[in-house]
Amino acid sequence: MLIIKAGGGADINLEGIAADLAELIEPFVVVLGANALRDRVAGQLGQPKVELTSVSGYTSVYSDQDAIDLIMMSYAGLRNRRFVEMCQRQGVNALGLTGLDGRLIEGARNRGIRVRAEGKTLLKRDFSGKPKRANGPLLELLLDNGYRPVLTIPIVDEQGFAINSENDDIVNTLQDALHAARIVQLIEAPGFLDNHDDPTSLVTQMSRTELEQREDQVTGRMKRKMLALRKLFAAGAAEVIIADGRVAQPVHEALAGKGTLIR
């Protein structure tokens, strides 16, 4: 069992990922990002993205109702549908879903994000939250019958509202339900870099204990990602591979040992 998270950068090779999936024997679930597409659509509609940085230093996207509409258009719509199409052309019986469908990913809406603005601490509320549980029986039913779920945000909150959430946290929730042997994360870099400006500074292997040290070295969204990785191992993951999603065969190269292997 594999969980494959494809980043949402503009240079991620989705066609190559779909072709690689056709060669996999083991079942898998794909979690798709679409942040570059969302930003492009937002620009076309004149709705620029708003980011908030909490007082603890974590950065997230401010998700009002307009932002949720953008997520539904870009993530659940264009990105999910087009990737499912790519998979079907490769003979992969992909099934596009969001966390809303069948309450596949249920979450708790955030009580608010504490931010600093104009010398004051403010509490900002929006339609975002943390995933709490995955619908394991539904996922197992689909996987056992040969379907390959392709999942995007939004997820669903306690009252049935669509909410934004972090894909790294969604992967953790899926791991709780599916107990995947390996988790592959495809990004716009060769793997985890010692110096994010130097693509030759690849860290080829990392232990679980190193993650805490690395978290102290990074800022912004990468800080959130490192925290999510630590939680992933706490959820029982044995092996995570962070690899380049821009190459010709992203999944194949990741499973062959390219990128950063964390055990």
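The values are calculated or read from the model by the stated rules, or taken from the named source; none is laboratory data. On a predicted model such as this, the values are computed, not experimentally measured, just so you know. We place every Cβ from the backbone using ideal geometry, glycine too, and count neighbours over all the protein chains shown.
Tabulated values for the structure
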item: Single condition residue 193 does not satisfy, out of (1) surrounded by 14 or more Cβ atoms within 10 Å (Cβ to Cβ); (2) in contact (Cβ under 8 Å) with a residue 60 or more places away in the chain; result: (2)
item: Of all residues in the range 72-110 being among the charged types (D, E, K, R) and either touching a Ser or Thr at 6+ places or on another chain (Cβ under 9 Å) or closer than 22 Å to residue 176 by Cβ (or both), the one that is surrounded by the fewest Cβ atoms within 10 Å (Cβ to Cβ); result: 103
item: Qualifying strands (runs of 3 or more DSSP E) (wholly inside the range 1-120; at least 2 residues being touching a residue at least 40 places away in the same chain (Cβ under 8 Å) and aliphatic (A, V, I, L, M)); result: 2-6, 28-32, 94-98, 105-109, 113-117
item: Any hit, the range 203-213, residues being among the β-branched types (Val, Ile, Thr), closer than 19 Å to residue 242 by Cα and modelled with pLDDT of 95 or more; result: no
item: Qualifying positions in the range 79-101 - within 24 Å of residue 157 (Cβ to Cβ) and out of contact with any strand residue (DSSP E or B) (no Cβ under 7 Å at 6 or more places or on another chain); result: 101
item: Failed condition for residue 131, given (1) surrounded by 20 or more Cβ atoms within 10 Å (Cβ to Cβ); (2) touching an Asp or Glu at 6+ places or on another chain (Cβ under 7 Å); (3) farther than 26 Å from residue 241 by Cα; result: (3)
